[in-house]
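Written out below as structure tokens is the structure these notes cover.
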Amino acid sequence: MLKQKTLEQTKAAARRNKGGRSAAFYNNPEIRALGYQLLLVLGLGYFFYSVISNVLANMEATGIKTGFGFLTASAGYDVLMSLIPFEATDTYGRIFIVGFLNTILVSVIGIFFATVLGFIFGVAHFSHNWLIRKVAVLYVEIFRNIPLLLQVFFWYFAVLATLPSARQSLSLGEAIFLNVRGLYVPKMVGSDLFWVAEVALAVAIAGIFVLRRWAKRRQALTGQIFPVFYTSIAMVIGLPVAALLLTGLPFTVEYPELRGFNYFGGITIIPELMALAIALSVYTGSFIAEAVRAGVQSIPQGQTEAARSLGLSEKRIMSLIIVPQAMRVIVPLLNSEYQSLVKNSTLAAAIGYPDLFNVFVGTALNQTGQAIETIFMTIVVYFIVNMVISFLMNRLNNAVALVSR
Amino acid sequence: MREFQPVPARPAPVKTVGPVAWARANLFSSIPNSMMTLFVMALFVYFIPPIVDWAFLSANWTGTTEDACVRDGACWVFVKAWSYQFFYGTYPEEEVWRINLMLGLLVLVIAASFTLPKHIRLKASVAAWLLLPLVGIAVLDGRLLGLNQVTTDLWGGFTLNVFMAAASIIVAFPFSFLWALGRRSEMPFIRSVSIIFIEFFRGVPVLSLFFMGSVMLPLFFAEGTNVDKLIRVWIVLIFFMSGYMAEVFRGGFQAVPSGQYEAADSIGLSYWQKILLIILPQVIKVSMPNILATFVMLFKNTTFLLIIGIPEVVQTLQTALSNSYWLGGHALEGYLFVFLVFWSSCFSMSLLARRIERQMNTDKRG
Amino acid sequence: MSAVKSSSGAEDIIVIENLNKWYGNFHVLRDINLRVKKGERIVICGPSGSGKSTTIRCINRLEEFQEGSLVVDGVEMINDVKNIETIRKDVGMVFQHFNLFPHLTILENLTLGPIWVQKKPKAEAEATAMQYLERVKIPDQADKYPGQLSGGQQQRVAIARSLCMNPNIMLFDEPTSALDPEMIKEVLDVMVELAQEGMTMLCVTHEMGFAKKVADRVIFMDAGQIVEENEPNEFFNNPQNERTKLFLSQILNH
Ligand SMILES: Nc1ncnc2c1ncn2[C@@H]1O[C@H](COP(=O)(O)OP(=O)(O)O)[C@@H](O)[C@H]1O
Ligand SMILES: [Mg+2]
């Protein structure tokens, strides 16, 4: 930095001395910078001016309406799946929300399973078992290198579409059914006292935090180590089950039932959602597996050796030394993978899953012709969702970051 | 004084070397490990024979129509019958030499940028690369060269994926450089514009860009101008690519040691001389693995073109699958074939990227 | 100088008999026999690749061996997790590249073992840690991270980290060879002090001044074997072996 400056000064001095004339004003770096920027402003200004005037002229010529008035108009079409009540007479505004919720649903499912797959196969890369290591490599190299769209189609057209019809459904214990129309699982319908179990679950989750603090304090004071992890799991499962037993099992299970040509009741997962969620999870999972591998590999062998020579057990080396350091590398990569997953969920349009992009940029745009408004609204949503992901992952990153190396 | 007599090396005890010891250490080192090994082996034994049987042993290889598929294995006849369309779309058969010519030229230019003599390599290959898309349009369309015109709605198949990806990255190259320079610039306005541009094109779903290209861009042009849909999508892909590549180059700029800039300054080069002659070649070199990775992403993303109705390879496959002469359900064969085509190209590019990276790492050490 | 030397006649704390180790088919350690008495200071030297690191890494089971036996502080090394952890608690090790945990502060580096292995209360572990930091003369760096310290300081922290576990034996694998010359002394000073307090030490090092000052025995290794071992004066002034003489002339002449 310093060196550059002195160099610049000598040069300037040399220039001044040459012939004794003052340098031309257009050679002054600051004026030049101003000039370049002015040029860019003018260029951009002209660009936007011509685009906007073209757009206005074009829209007038074709008679397309402008503005967001259409949001309160009745849409007149139904969607395949909705998390909130929806009828064909509802508005475009409501359809926007339906699509948004469906996007969030498939993204959350995808992120969850992609993370699970990614961590399993990423860690499998370091297995002592040769076969498992090779399986991990196969998984990553196969699914990373095939376009996502092909994988979506593969699951939808080549796998799920070839499942048997409703009458010949594959079933698991006469409770879960899988056929060409989707996956049908039983639903728990709570009655009067069901809230007790819900409260118990909430208490258990809150209890984990209390337990962790208590265990940490006790260890600091007495040195004794409390098995927080296993106790937490026992609590989350045990408390609600105990509550259910004590209140006399206040719920009924609604099983899917075959009526006519299809199953009714329970929870239905449509094949479009399944295909998209599977493809997103498997595809993104292969990238996350690579990120996990890179994270673990970034830790020098000496770290493990030093921890071993202190007498730490392999389990503690993992949780105290390896994971905190690997997460530093993994979390930023996870951030961008999660964002890609959300963006890639727009492939729903290819198989007709009613996500935001499909119902809005697909159908609504087609019906209203208002390309600019619909695309703009949709893009803004994706930006916001990705900003939220980025924010959360940065929080996580700060939690695992080092002050310095 | 004594002479040191080394104890001769003995071979390792049998129980620690050889295939049995290897299997013991790598497959059966503990009970959970052995169970896992047996489980994976069981999966292989269960699934692989039927798959091999379906795909090879009882597959149908010969014939030209669906009726030829009489055995219960895969119907590769389907893939064979449609292979022309899968590769060339609906491009007229008597003109297909033009596509092959362009593929040849593409390979030639790639080869030239690695093998030309050093003193003309950079200039010659940059010129060749930048000319390539123009030559490609002229040859494939044909009008400029006095050939029969082949309209763009006839272009399709896997070669369209290849050409779209290649043409986009080539044109995106110079732009992304400018964006990366802009983002590093000390001029506040130029920097902000660059950041907004880069983050916009990296932040939105590609599909929405394609929709912009197909339904929004026509509104941007003056009334009466009719720009071909493929060209509109090409423009969009160029923007998309330059957003991503700008970030790749930014990384590349950061990897070039600051001593290089200082050295360039000290021999009195102007800003552009410094950037183009000294910095740029180094940036390209260190960015090569990431450029390849970005290209693989773009290449995979060209399949998304199907959604706006452009007959790239997956769209062609969908058409074939719904053809009324081929309704016997050949989805599996079709997808496996296209899988294989994409997988082999993407996998070889990522192998190449890894090799370049390893080479660079050893260069640095040496 | 002679005050440093330990008394003889104490019991053997490390007994290595006929140790043989292979990496695949490469016979890296050949018939190693070594007995170390409690409180003895041993310096191991030899050309690069001669198996010095591998030998001392066998002592706390960072490396496995295929033949022979090894008894550390009365515990025979067998392939058993608990047994290995018992031995590791008793043996401290200092590495060439320090291997401090970069995500923990200096104090946390020091208390990690006492808290999670010895299950000590935090306050007690921290008090001990501060004591050792004072002994290695950097108590004021307790809240910094390893990356903020110089190499010499990091290596002193690494020594303190091992000492916090209260080991009976300390292993040093070229502790000064990654350091700039002006930092070597500060680390050696700490090691000399440790030796004077009677710690059993095995040091792989080429610091011949250190060897002359504190070692009870110097061992010279080549090609995976112990070529010669002797009391330092004899070793340096009157090597018995042609190979040793050649090696000494090489390291003393540069
Ligand atoms: N993990 C390993 N795999 C194979 N060979 C190794 C491994 N570690 C060390 N070696 C070899 O064993 C020999 C002894 O290594 P080492 O004990 O580190 O030597 P020193 O510490 O004396 O320089 C060297 O030839 C080295 O190449
Ligand atoms: Mg060594």
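Values in this text are rule-based calculations from the coordinates and carry no lab data. As the structure is a computational prediction, the values presented were derived from the model and not from experiment. Counting neighbours? That spans all protein chains shown, and the Cβs are built from the backbone with ideal geometry, glycine included.
Give me a single rounded figure for A:339-345: the average over its residues of other chain Cβ atoms within 10 Å of their Cβ. Provide the component values of the computation, followed by the final result.
Values: counts 2, 2, 0, 1, 7, 5, 2.
If you average over the peptide's residues, the count of other-chain Cβ atoms is 3.
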Check: Could you put B:119, C:97 in order, starting from the residue whose Cβ has the fewest other Cβ atoms within 10 Å?
Finding: B:119, C:97
Notebook entry, point to check: Can you run phi through the Karplus equation (6.51, -1.76, 1.60; θ = phi - 60°) for segment A:265-275 and list ³J(HN,Hα) in whole Hz, with x for Gly and Pro?
Noted result: x, x, 9, 10, 10, 6, x, 4, 5, 4, 4
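Go ahead and run the numbers for FRET between residue B:25 and residue A:185, Cβ-Cβ distance against an R0 of 45 Å, rounding to 0.05. Working shown, then result.
Values: r = 43 Å, r/R0 = 0.96.
E(calc), rounded to 0.05, equals 0.55.
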Checklist line | Radius of gyration, Dmax [segment B:151-360; alpha carbons; angstrom] | finding: 20.3, 72
Checklist line | GNM flexibility winner over chain B from B:296, B:227, B:314 (Cα, springs under 10 Å) | finding: B:227
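Let me know the longest stretch in chain B that avoids all GluC sites (Glu not before Pro) found in a DSSP loop with at most 12 other C-beta atoms within 10 Å.
Numbers: sites that count: B:3, B:186, B:223.
The longest such stretch corresponds to B:4-185.
With a sphere of radius 11 Å drawn around the Cβ of residue C:73, what net charge do the other residues whose Cβ falls strictly inside it have (Lys, Arg +1; Asp, Glu -1)?
Working: positive: C:38, C:89; negative: C:11, C:12, C:76, C:90.
Once positives and negatives cancel, what remains is -2.
Which whole number gives the average, over all residues in C:113-122, of C-beta atoms from other chains lying within 10 Å of the residue C-beta?
Details: counts 6, 2, 5, 12, 6, 3, 5, 3, 7, 7.
Going residue by residue through C:113-122 and averaging, the value is 6.
Hey, with R₀ at 22 Å, roughly what FRET efficiency would residue B:323 and residue B:62 work out to, going by the Cβ-Cβ distance, to 0.05?
Details: r = 20 Å, r/R0 = 0.91.
It comes to 0.65.
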Next item on the list: Quick one: which residues, 5 or more positions from residue A:91 or on another chain, have an amide H under 5 Å from its amide H? H modelled 1.01 Å from N in the peptide plane, none for Pro or chain starts.
Entry: A:75
Next item on the list: In whole Hz, with x marking every Gly and Pro, tabulate ³J(HN,Hα) for segment B:199-210 from phi via Karplus 6.51 cos²θ - 1.76 cosθ + 1.60, θ = phi - 60°.
Entry: 5, 5, 6, 7, x, 8, x, 4, 4, 5, 5, 4
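Over the whole of C:144-157, what's the average partner chain Cβ count within 10 Å per residue? Rounded to a whole number, please. Let's see the in-between values first.
Values: counts 2, 4, 3, 4, 3, 0, 0, 0, 0, 0, 0, 0, 0, 0.
Per residue, the average neighbour count from other chains is 1.
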Next item on the list: Show the residues, 5+ positions off or on another chain, whose built amide H is closer than 5 Å to the amide H of residue C:221.
Entry: C:45, C:46, C:227
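Where does each of A:193, A:71 land when they are ranked from fewest to most other beta-carbon atoms within 10 angstrom? Kindly include the intermediate steps, with their values, before the conclusion.
Working: A:193 15, A:71 19.
So the ranking, lowest neighbour count to highest, is A:193, A:71.
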Notebook entry, point to check: Amide H to amide H, which residues 5 or more places from residue A:267 or on other chains are under 5 Å from it, using H placed in the peptide plane?
Noted result: A:185, A:187
Note to self: Between helix C:106-116 and chain C, what is the angle of the helix's C-alpha long axis to the longest principal axis, kept within 0 to 90° and rounded to the nearest 10?
What the structure shows: 80 degrees
Check: Between segment B:60-75 and segment B:235-281, what's the alpha-carbon centroid distance in Å?
Finding: 56 Å
Check: For a paramagnetic label modelled at 7 Å from the Cα of residue A:195 toward its Cβ, which residues of segment A:244-259 fall within the zone defined by backbone nitrogen distances under 20 Å?
Finding: A:244-252
Item checked: Helix C:81-90 vs. chain C, principal-axis angle (Cα, 0 to 90°, nearest 10) -> 90 degrees
Check: In nm, to one decimal, how far is the modelled label at residue A:97 from the one at residue B:55, with both set 7 Å along Cα→Cβ?
Finding: 4.9 nm
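Quick check on chain C: helices-only [θ] at 222 nm, where DSSP H runs of length 4 and up contribute -39,500 (n - 2.57) each and the sum goes over total residues. Nearest 500, please.
-11500 deg cm²/dmol
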Checklist line | Span from the segment A:306-335 Cα centroid across to the segment C:20-62 one, whole angstrom | finding: 29 Å
Note to self: Could you work out the relative contact order of chain A? I mean the mean sequence separation of Cα pairs under 8 Å and 6+ apart, divided by the number of residues, in percent.
What the structure shows: 21 percent
Item checked: Given chain A, longest segment not containing exposed loop GluC sites (Glu not before Pro) (DSSP; at most 13 other Cβ within 10 Å) -> A:175-405
Notebook entry, point to check: Taking R0 as 41 Å, what's the FRET efficiency between residue B:45 and residue A:400 from their Cβ-Cβ distance, rounded to 0.05?
Noted result: 0.45
Check: Taking chain C as a Gaussian network, where each spring joins two C-alpha atoms under 10 Å apart, which residue of C:118, C:225, C:155 fluctuates the most?
Finding: C:118
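Can you give the extra length, in nm with one decimal, that the chain gains between residue C:48 and residue C:150 once fully stretched, where that is 0.36 nm per residue apart less the Cα-Cα distance?
Values: separation 102, 0.36 × 102 = 36.72 nm, distance 2.59 nm.
Full-extension gain reported as 34.1 nm.
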Notebook entry, point to check: How far is helix C:181-196 tilted off the main Cα axis of chain C, in degrees rounded to 10, range 0 to 90?
Noted result: 90 degrees
Margin query: Under a crude label model (7 Å from the Cα following the beta-carbon direction), how far is residue A:112 from residue A:390 in nanometres?
Written below: 2.7 nm
Notebook entry, point to check: Out of B:24, B:184, B:98, any idea which swings most in a Gaussian network model of chain B, alpha carbons joined below 10 Å?
Noted result: B:24
Notebook entry, point to check: How about residue B:123: which lysines have a C-alpha closer than 25 Å to its C-alpha, ignoring those fewer than 8 places off in the same chain?
Noted result: B:274, B:285
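Stretch residue B:17-residue B:357 to full length: gain in nm at 0.36 nm per residue minus the Cα-Cα span? Let's see the in-between values first.
On the way: separation 340, 0.36 × 340 = 122.40 nm, distance 3.36 nm.
Separation in residues times 0.36 nm, less the Cα-Cα distance, equals 119.0 nm.
Which pairs break 19 Å Cα to Cα here: A:187/A:343; C:37/C:82; C:37/C:245; C:89/C:120; A:315/C:21; A:315/C:119?
Details: A:187/A:343 31 Å; C:37/C:82 25 Å; C:37/C:245 27 Å; C:89/C:120 14 Å; A:315/C:21 27 Å; A:315/C:119 16 Å.
From A:187/A:343; C:37/C:82; C:37/C:245; C:89/C:120; A:315/C:21; A:315/C:119, over 19 Å: A:187/A:343; C:37/C:82; C:37/C:245; A:315/C:21.
Looking at segment C:106-197, which trypsin sites (Lys or Arg not before Pro) are DSSP coil and have at most 15 other C-beta atoms within 10 Å of their C-beta? Walk me through the numbers before you get to the answer.
Numbers: sites: C:119, C:122, C:135, C:137, C:144, C:156, C:161, C:185; in loops: C:119, C:137, C:144.
Of the trypsin sites (Lys or Arg not before Pro), the ones in loops of segment C:106-197 whose Cβ has at most 15 other Cβ atoms within 10 Å are C:119, C:137.
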